[in-house]
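The values are calculated or read from the model by the stated rules, or taken from the named source; none is laboratory data. Keep in mind that what you see is a predicted model, and the values were worked out from it rather than measured. So basically every Cβ, Gly included, is an ideal-geometry build from the backbone, and we count neighbours across all protein chains shown.
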Amino acid sequence: MLYLTHTAHWQFLGLIVGFLAWILTMTTAGLNEWRLWRVGNASIISSGEAWVGIWRTCFYSHVLPDMENCRSISISDSFLPVEIPVAQVLMMLAAIFGLAGNICAAVAVRMVYFSVEDRRSIRLVFLLAGALYLLTGTSSLVPLAWNMNSVLKNSTIDFPPEFQIPAPPVSQRVGSAIGVGLCASTATLLSGLLFLCYR
């Protein structure tokens, strides 16, 4: 019987990194802090800052200073710039691709560590896992880069009055969600490369 355990140490590391990166990718999708808007009118927004995510916008108001006031953003909202609905779709696809990549990676590593002799089928599963990880990293990297570009260009969003957020912000900053997402995308791409390098 041919033991292949010694051939997949880097891929085992890739599985761990890929799983953690997948969790960070899903966390990024749910965070509100994709864009940090500094607003001049503090009559409603007491902190002077509003957080714009891909699923909702939030701010602190004078009425309830200890609670975030959030409004949901739907993919069908007509006032949204195109990068936000695209980010909603691509981040959900990244979560699905990441789940599939983790399953394939776990199966591949299991096949190696439990002595399957057919190296051809093992290589195919490793290639599939690597391709899914690369697809996950790319699917999350595109909306992150696009939204970061919009923030750096100070692009505005014309929110309707019920959102109570003034349309042109005084300034914008890249939020922490984009930083977390960039780390997750980089780690996912690295995991994909580790799986594609299996011999």
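When you look at ALA129, is it in contact with a Leu (Cβ under 9 Å, 6 or more places away or on another chain), within 17 Å of TRP55 (Cβ to Cβ), part of a helix (DSSP H, G or I) and not polar (S, T, N, Q), yes or no? Before you say what the answer is, go through the steps one by one.
Working: in contact with a Leu (Cβ under 9 Å, 6 or more places away or on another chain): yes; within 17 Å of TRP55 (Cβ to Cβ): no; part of a helix (DSSP H, G or I): yes; not polar (S, T, N, Q): yes.
So ALA129 fails the test.
Output the number of residues of the range 152-199 satisfying the condition of being assigned to a loop (DSSP other than H, G, I, E, B), among the basic types (Lys, Arg) and modelled with pLDDT of 85 or more. Step through it out loud before you land on a result.
Residues of the range 152-199 that are assigned to a loop (DSSP other than H, G, I, E, B), as a first pass: 153-160, 164-170, 175, 197-199.
Next cut, among the basic types (Lys, Arg) only: 153, 199.
Subsequent filtering for residues that are modelled with pLDDT of 85 or more retains 153.
Residues meeting the conditions: 1.
Taking the range 58-111 only, how many residues are outside any helix (DSSP H, G or I) and either of a type in the set (Gly, Ala, Ser) or on the phi > 0 side of the Ramachandran plot (or both)?
Final tally of qualifying residues: 5.
Of all residues being surrounded by 15 or more Cβ atoms within 10 Å (Cβ to Cβ) and among the charged types (D, E, K, R) in the range 15-55, which is farthest from LEU196 (Cα to Cα)? Just the residue, please.
GLU49
Go through the range 50-70 and count every residue that is at pLDDT 85 or above and among the charged types (D, E, K, R).
Selection size over the range 50-70: 1.
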